[in-house]
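A short reminder: the numbers here are calculations on the coordinates, not readings from a lab. On a predicted model such as this, the values are computed, not experimentally measured, just so you know. In this analysis, Cβ positions are derived from the backbone assuming ideal geometry, glycine residues included, and neighbour counts consider all displayed protein chains.
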Amino acid sequence: MEKQVIIIGAGLVGSLWAVYMAKRGYKVTVYERRSDVRKAEITAGKSINLALSDRGWNALNKVGIGDEIKKELAIPMSGRIMHGVDGSLTHQAYGKEGQAIYSVSRGGMNIKMMNLAEDCGDTTILYNHQCLGVDFNTNTATFLDSIKGEEIEVSADAIFACDGAFSAVRYESMQKQPRFNYSQQFIEDGYKELLLPANEDGSYKLDKNALHIWPRGRFMLIALANEDGSFTCTLFMPFSEGNYSFDSLSNDELVEEFFQEVFPDFYEMMPNLLSDWHQNPLSALAIIRCYPWSYNKVVLMGDSAHATVPFYGQGMNSGFEDCFVMNQIIDEVGEDWQKVFEVFQKRRKPDGDAIQDLSIHNYHVMRDFVGDPKFLLQKKIEAKFSENHPEKWMPLYSQVTFSSIPYSQAWSVGQKQESIMKKIMALPGIEEKWDSAEVESIILTHL
């Protein structure tokens with residue numbers, strides 16, 4: 001009999017998983033609540049450019065589509081550039097020479113992934129189909145065709161819920177199961193997107209091969225390059241607390257004063273600040289945890305299982321890694337879906353929790369410390385020690401971004417490293433002797 005699977009959600013993870021399943025010989029039907037984004041003009045507003053790193057590339061390369069993505073969509077960023085209030089710039093490399101993360105447009109990436117999914121094997125994407133829930137006993141999903149106004153029921157060998165942080169499968173069905181654990185935590189900060197256009201000749205106003213950060217303690221602005229010479233910029237700031245908040249910027253004059261005072265170099269470059277400010281929505285950020293991730297032959301993947309905040313640039317990468325790991329487990333145990341899903345959730349749940357902890361941790365790093373001279377010195381010491389003893393120390397950022405070390409292991413090792421570095425940074429005269437044999441010996445004794 002023909003092997004069939006249902007994927008709910010045609011976002012990044014759903015589209016990539018469709019490629020994986022089609023390559024395994026399955027008839028794949030993807031149901032998407034929205035209309036086809038390829039037929040609409042993509043505008044700024046709620047995208048936040050994405051940063052592809054090693055875990056994401058591993059998953060794309062496994063099904064042979066990484067090179068195409070890299071060639072068409074990806075802009076390498078070798079490090080961060082921090083912008084001081086006085087206009088000074090500080091550069092911090094992300095890893096070793098040659099290592100980079102890649103800026104990609106969310107909209108452009110989603111379109112490319114949907115095209116690849118449809119071009120790969122027997123895959124159909126049905127739009128304007130809202131999931132109303134699933135029946136775990138019969139492995140049946142119910143959808144509302146919003147164009148026809150009709151409900152349909154469909155079943156398959158397995159159902160993969162890749163329908164995002166506010167998953168209908170999780171909300172309509174899993175959260176009604178006994179002993180289903182669920183938590184939703186909105187952080188106190190929101191975000192608003194702004195578009196920094198290219199120069200008149202199409203050139204970039206900033207270095208395109210870096211992630212730009214304006215760290216300002218309780219809030220920050222970031223910018224990632226687009227292929228057309230523009231930058232997608234995102235302001236993260238409290239909704240209502242502190243000296244500055246979205247609530248306090250209640251009129252155009254206050255908005256302009258805020259940017260002139262806090263981000264003067266950005267303000268000078270930004271021709272459409274107020275129109276972007278009014279046009280683009282203010283959005284919230286949440287961490288969502290739940291367990292179990294599967295019932296019978298239905299499973300959550302990506303944000304539907306472990307939505308996080310974007311401060312480690314790992315939301316897409318962790319979702320893509322879900323695909324890589326799920327595929328690996330199928331190779332290990334065969335196509336017994338209940339067994340596959342049981343192994344998957346036990347293996348990935350600790351990593352889903354860890355990337356959420358890591359994301360919150362990195363928010364404080366980006367917001368509070370990246371412009372701090374002592375923090376930059378600490379990173380220099382870590383990089384030097386790692387260069388001398390690569391088998392003993394890989395910086396936390398490199399573990400997360402430039403390796404496939406499980407997130408949970410990286411978080412555990414990173415906490416131990418941070419404890420050691422607190423002792424090192426407290427040494428008298430560390431600024432003068434930071435690369436001395438004495439400091440190196442102290443680190444070695446604590447490992």
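Residues whose amide H falls under 5 Å from that of residue 231, counting only those 5 or more places apart or on a different chain, are 196, 226, with hydrogens built in the peptide plane. For 132, 396, the sequence from fewest to most other C-beta atoms within 10 Å is 132, 396. Residues 38, 216, 348 in ascending order of nearby Cβ atoms (within 10 Å, fewest first): 38, 216, 348. Between 213, 136, 161, the Cα set farthest toward the positive side of the dipole of segment 107-226 (charges on each charged residue's Cβ, about the Cα centre) is that of 213. Less than 5 angstrom separates the built amide H of residue 307 from those of 288, all sequence-distant by 5 or more or on a different chain. Bridging of residue 176 to aspartates and glutamates at a Cα separation below 14 Å is possible for 135, once same-chain residues fewer than 8 apart are set aside.
When you count the other C-beta atoms within 10 angstrom of each residue and take the mean per peptide, 103-111, 294-302, 90-98, 315-323 line up highest first as 315-323, 294-302, 103-111, 90-98. Size descriptors for the chain (Cα atoms only): Rg and Dmax, in that order, 22.9, 74 Å. Close amide H pairs (under 5 Å, H built 1.01 Å from N) link residue 101 with 77, residues at least 5 positions away or on another chain.
Coupling constants for segment 161-167 follow from the phi torsions by the Karplus curve (6.51 cos²θ - 1.76 cosθ + 1.60, θ = phi - 60°), and in residue order they are 8, 10, 9, x, 4, 10, 3 Hz; glycine and proline get x.
Charges were assigned to the Cβ only: +1 to each Lys and Arg, -1 to each Asp and Glu. The resulting dipole of segment 372-446 about its Cα centre is roughly 200 debye. Look at where the Cα atoms of segment 217-263 and of segment 310-346 average out, and the two centres are 36 Å apart. Rg of the Cα atoms in segment 255-308, relative to 2.2 N^0.38 Å, amounts to 1.99.
Given +1 at the Cβ of Lys and Arg, -1 at the Cβ of Asp and Glu and no other charges, the dipole of the chain around its Cα centre is 1300 debye to the nearest 20. Quick check: from the Cα gyration tensor, does segment 372-446 come out rounded (a/c under 1.5), prolate or oblate? Judged from the Cα gyration tensor, segment 372-446 comes out prolate (a/c at least 1.5, a/b above b/c). Computed 3J(HN,Hα) for segment 398-409, one whole-Hz value per residue from the Karplus formula 6.51 cos²θ - 1.76 cosθ + 1.60 where θ = phi - 60°, is 5, 4, 6, 9, 10, 8, 10, 4, x, 3, 5, 5, glycine and proline marked x.
Couplings 3J(HN,Hα) of segment 12-18, computed from phi: 5, 5, x, 5, 5, 5, 4 Hz, in residue order, whole Hz [Karplus 6.51 cos²θ - 1.76 cosθ + 1.60, θ = phi - 60°; x for Gly and Pro].
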